[in-house]
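The values are calculated or read from the model by the stated rules, or taken from the named source; none is laboratory data. These numbers come from a predicted model, not from an experiment. Methodologically, a virtual Cβ is constructed for each residue, glycine included, from the backbone with ideal geometry; neighbour enumeration extends over all protein chains shown.
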Amino acid sequence: MKITIMTLFKETMDPMLEYSIVGRAKKNNYIDIEAVDIRPFANNKHLQVDDYPYGGGAGMLMMPDPIYSCYQAIKKQSQAKTRRVIYMTPQGNVWNQQMAEEFSKEEELIILCGHYEGVDQRVIDEIVTDEVSIGDYVLTGGELAALVVADSIVRLIPGVLGKSESFEKESFSEGLLEYPQYTRPAVFLDRKVPDVLLSGNHKKIEDYRRWEAIRNTFHKRPDLLKDVQLTKEEQQLLTEYAKKHCKVKEGML
Ligand code: ADE
């Protein structure tokens, strides 16, 4: 897969793309990922990339030509037969794990980072296939959001993480949050690691972890449970658990 991030702040992105798991994935050729500076594609002597909005209003808009020329240059260098162009904007679809999985199967992604008050609508209409937000808040630009999106995609590409196991059983992959994890020491500040994890009984450990994941999701993100396939026994156990733990306390109402 190739990911190209179009930005006015390439120098802030490069370090993030060189280090950690993303950097290693790039070095090991699992992924080709880079940030491209839009500014050199400006078609004026001062390399101006923003201008006042027609009709008035606050702030500056990113001009369409530099973005379009940058996009054309990226396309010209690419051998991909298909590509998706993501525009990072608070108006987009809110990013989630399912979207990360879908996009991780694409041949090529181009991510456009907006800045200032936004981007001229005509270039969005011309090149963008998907508008994506990382949450209902407004950032000063799309760069941090693009890194979030790219990171969540890159780690799903086969070979990028050490063992495929490491994301098979993690939060969201089965619609559940993760179970709590423990490492040494077995006792920390009088808090013991649950006995079952020291028992060596793999079936019991698996059952324990599954129930803890359900319980964790019930307490922290009950909204997710409607999309989880629970067995009949699990459903029953959860109903009893909920009855016990969701009593309305006296005086609450
Ligand atoms: N640009 C500014 N705010 C953003 C957000 N919440 N998500 C994606 N891109 C953005």
Only one of Asp51, Asp120 that is among the charged types (D, E, K, R) and touching a helix residue (DSSP H, G or I) at 6+ places or on another chain (Cβ under 8 Å): Asp120
Sole residue being of a type in the set (Asp, Glu), assigned by TED's automatic domain parsing to the domain that holds Val22 and either in contact with a strand residue (DSSP E or B) (Cβ under 7 Å, 6 or more places away or on another chain) or at pLDDT 95 or above (or both), chosen from Glu143, Glu206: Glu143
Failed item in (1) within 16 Å of the ligand (Cβ to nearest atom); (2) closer than 19 Å to Leu17 by Cβ, with Leu156 passing the rest: (1)
Identity of the residue in region 123-153, of a type in the set (Ser, Thr, Tyr) and either part of a helix (DSSP H, G or I) or crowded, with 18+ Cβ neighbours inside 10 Å (or both), that ends up nearest to the ligand (Cβ to nearest atom): Ser133
Search result, residues across region 131-144 that are over 21 Å from Ala73 (Cβ atoms) and acidic (Asp, Glu): Glu131, Asp136
Within region 1-107, strands (runs of 3 or more DSSP E) holding 3 or more residues that are exposed (fewer than 14 other Cβ atoms within 10 Å of the Cβ) and either touching a residue at least 12 places away in the same chain (Cβ under 8 Å) or in the same structural domain as Ile127 (by TED's automatic domain parsing) (or both): 84-94
Identity of the residue in region 111-121, within 15 Å of the ligand (Cβ to nearest atom) and of a type outside the set (Phe, Trp, Tyr), that ends up surrounded by the fewest Cβ atoms within 10 Å (Cβ to Cβ): Glu117
